[in-house]
Amino acid sequence: MAEYALTVSIEELPNVEPVVETPDRGGPAHRMRTVTNEVASGSGWDSDRAREVGSFFDSLAPEWTAKRQDQQRNLPVVDALSRGGVELETNWLELGCGTGSATTILKPQVNNLVAVDLSAGMLAQTPPELGPFVQADASSLPFQDKQFGGVMLMNMFLFPAEIDRILDDIGWLVWVNSRAEQTPIHLSPSALVEALPGEWFGYSSRAGTGLWVTLTRKRP
Ligand SMILES: C[S@@+](CC[C@H](N)C(=O)[O-])C[C@H]1O[C@@H](n2cnc3c(N)ncnc32)[C@H](O)[C@@H]1O
């Protein structure tokens, strides 16, 4: 928690109690944590890496939803949308939607939602009514500059340049790690701000087993 205080541009809100401690299941040492850090620094993603990651999540897809029925898991998504200061009445994009757990919460609250994933296996498990879904690589998205007013990433790699490109000038980024620091694909709030081009401000907190951060660009 101490590192949050160093990030003066993020206001840390009180946690939604009870915050549930997540046991150590090797999240920080996970192979996907290495990929997370490399991608956030603007390196480490190429066609070989995309194939590796796509195959990895294809292999997990059939059991992804069944193994993640814990009600605590989605609390940070609900809380971020409720207290994170984000504009909901705009066009939203979700990156790395997986089988649609955050999509289910986001879709009814926003004007429009497009959900993207690299893995055909994951997309095959999504409820069709949550669509449209697009199979694409978040490192090079098939969308126009400034096309979205909000982007959600739950347990998904941050590609800073693409986030900066597709978000409009007042757009909000929602970052959720469902198992907080134990999530393999995790960045701290300060690392998130440091990775993004330009200056950003927002909010962070914890709910259930997870943590969330919301960010928008600093206005002149
Ligand atoms: C850890 S899973 C999270 C899925 C879902 N958000 C959840 O929390 O249940 C990460 C997801 O991101 C997707 N993903 C990984 N790299 C991606 C990329 N470059 N572009 C789009 N999706 C990607 C994976 O296929 C996988 O579905």
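The values are calculated or read from the model by the stated rules, or taken from the named source; none is laboratory data. Note that this is a predicted model, so its numbers are computed, not measured. Heavy atoms of the whole protein, side chains included, go into the accessibility calculation; ligands, DNA and RNA do not. Shrake-Rupley method; radii C 1.70, N 1.55, O 1.52, S 1.80 Å.
Of the accessible area of the chain, computed with a 1.4 Å probe over protein heavy atoms only, carbon and sulfur atoms account for 52 percent. So what J values fall out for region 165-178 if you push phi through Karplus, 6.51 cos²θ - 1.76 cosθ + 1.60 with θ = phi - 60°, rounded to Hz, Gly and Pro as x? Listing the rounded values in order: 6, 8, 7, 6, 5, 10, x, 10, 9, 10, 10, 10, 10, 5 Hz.
Across region 110-122, computed HN-Hα scalar couplings (Karplus, 6.51 cos²θ - 1.76 cosθ + 1.60, θ = phi - 60°) run 10, 5, 9, 9, 10, 10, 10, 8, 6, 8, 5, x, 5 Hz from first to last residue, x flagging Gly and Pro. Of all the C-alpha pairs in region 65-170, what % are more than 20 Å from each other? Beyond 20 Å sits 36 percent of the P(r) for region 65-170. Let a ≥ b ≥ c be the square roots of the eigenvalues of the Cα gyration tensor of region 1-110; is it rounded (a/c under 1.5), or, if not, prolate (a/b larger than b/c) or oblate? It comes out rounded by the Cα gyration axes.
For the chain, the mean residue ellipticity at 222 nm estimated from helices alone is -8500 deg cm²/dmol, where every DSSP H run of n ≥ 4 contributes -39500 (n - 2.57) and the total is divided by all residues, rounded to the nearest 500.
Heavy-atom accessible surface of the chain, averaged per residue, reaches 45 Å², computed with a 1.4 Å probe. Relative contact order of region 130-201, taken over Cα pairs closer than 8 Å and 6 or more residues apart, is 30 percent.
Rg/Rh for the chain stands at 0.92; both radii use Cα atoms, and Rh follows the Kirkwood definition. The tail of the calculated P(r) for region 155-202 beyond 15 Å holds 43 percent of all Cα-Cα pairs.
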